[in-house]
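See structure below.
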Amino acid sequence: MPRPVAASLLALALTGCGHSQPFRPGDYGSGQPFVPGSPRRVTYNIGDDRAPAWLPDESGFLYSFQRVDRPDRDYCLGLLPPDGGRLARTICDRLPAADDSTDVLTEPAAAAAGRLAYTITSSLPDDRAPRASALVLGTLADPTPARSLTTLPYYGPDGTFREGVSHVRWLGSDTLVYVAERIAYRAPCKGCPLDTLRTGMEIALLDAGAASPAPQAVPATLDASSVAPGDTADVIFFTLGGDSRVFQRVLSVATDSVVHDFGAAGIARDVQVAGTRLVAVVGGTISFAYDSLLGYAVQRDAGGFLYLVDLETTAETVLPGGATFRHPALSPSGKRLVAELVWSGGGGADLWEFDLP
């Protein structure tokens, strides 16, 4: 589409982000989790809930949820207490002028200094792909006005577009780390609705403090499927498409080591690390193969098993719930875990929380 139109839509979306009034408790939960224990369901939205991310002080977690009370089915950011319960806060696009578009706020990442990064996309009902998309930066105290850090798509190191980002996290005080993605839209059969195929291409770094931030690809991370920060800004953990291993990279010296291999359990992704605890989604309904129509390898993921690993002993524990989890968020203390539990048949997810021993 013409760049002026895309820029106008993105500007409208960014100026529209704001604080909406809390939703009715009957629609979105109570003051406490409905069912105690571990694991426990912590979101009861009849729409899709996704992308949980803890606050640095573990006082709650952010996530993205679908507004089923709106005809445009916008996605907002919500803040829940650490054990679940009633929404403490929402961040939505509330401009009446945007009522005819679907605006999606997702991939939240909160920094200790109070900054909040997230992605925002805007599309009209008949659009095949978003008309405007960006990774933006605001603050928890006032998410708007949000500053655009990089618009999407942008060119990757191979000269092709990167249409999306995922696993957005802070690496130190000023740098964001994320997986740069290619996104394709294709119907699995004649007359079937379009599938959205998101595939990680490489890990990227973005200096949020720069006047004009520019994504920098991390070398030798082709087909990256997830990334997580380490104990210092010089260390990241990551996984690769089709691979059962979790790698650690020391950025300053560009050295890799394998911190754990899940072997026959299957493909590892969605890694998270806190101290000596590592969490990843492993196996399940997943494939990684070259797609001749797209011209590159695609990882299709409908959920897997949640594994907890003690990095000191290498002991593995499979958490209950079956092969239906995606995108876990391990709390900074390593004592809580929130993850998407994929609906039967796909199409959406609820959030469940585990208390870890």
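Computed over the chain, the range of Cα coordinates on each principal axis works out to 56, 50, 47 Å, biggest value leading. Only protein heavy atoms count here; under a 1.4 Å probe, Asp57 has an accessible surface of about 110 Å².
In the context of the full protein assembly, Thr276 retains an accessible surface of approximately 60 Å², using a probe radius of 1.4 Å and ignoring ligands and nucleic acids. With R₀ set to 30 Å, the beta-carbon distance separating Asp69 from Ser333 gives a calculated FRET efficiency near 0.30.
With loop defined by DSSP as not H, G, I, E or B, and exposure as at most 16 other Cβ atoms within 10 Å, which is the longest segment of the chain clear of exposed GluC sites (Glu not before Pro)? After excluding every exposed loop site, the longest remaining stretch is 59-311. Note on the stretch 151-191: Cα Rg divided by 2.2 N^0.38 Å, N the number of residues, gives 1.56. Taking all Cα pairs closer than 8 Å and separated by 6 or more residues, the relative contact order of the stretch 239-357 comes to 18 percent.
Put a plus charge on the Cβ of each Lys and Arg, a minus charge on the Cβ of each Asp and Glu, and nothing anywhere else: the dipole of the stretch 230-347 about its Cα centre is then about 260 debye.
Remind me, relative contact order of the chain in percent, using alpha carbon pairs under 8 angstrom and six or more residues apart? For the chain, the relative contact order is 13 percent. Taking the accessible area of the chain, probe 1.4 Å, and keeping the other protein chains in place, the carbon and sulfur fraction comes to 55%. Remark: accessible surface ordering of His260, His327 (largest first) is His327, His260, probe radius 1.4 Å.
Taking 0.36 nm per intervening residue step and subtracting the Cα-Cα distance, what contour gain separates Tyr44 from Ala141 on full extension?
32.3 nm
Ranking Thr160, Thr313 from most to least accessible surface, computed with a 1.4 Å probe over the protein chains only, gives Thr313, Thr160.
In the full protein context, the chain carries 43 Å² of accessible surface per residue, based on a 1.4 Å probe and ignoring ligands, DNA and RNA. Residue ranking by accessible heavy-atom surface, 1.4 Å probe, largest first, among Tyr75, Tyr44 comes out as Tyr44, Tyr75.
The average projected area of the stretch 179-223, computed from the convex hull of its Cα atoms over all directions, is 4.2 nm².
The values are calculated or read from the model by the stated rules, or taken from the named source; none is laboratory data. Worth saying up front: this structure is predicted, and the values here are computed from it rather than measured. Glycine gets a Cβ as well: all are built from the backbone with ideal geometry, and neighbour counts include every protein chain shown. Side chains included, ligands, DNA and RNA excluded: accessible areas come from the protein's heavy atoms. Shrake-Rupley method; radii C 1.70, N 1.55, O 1.52, S 1.80 Å.
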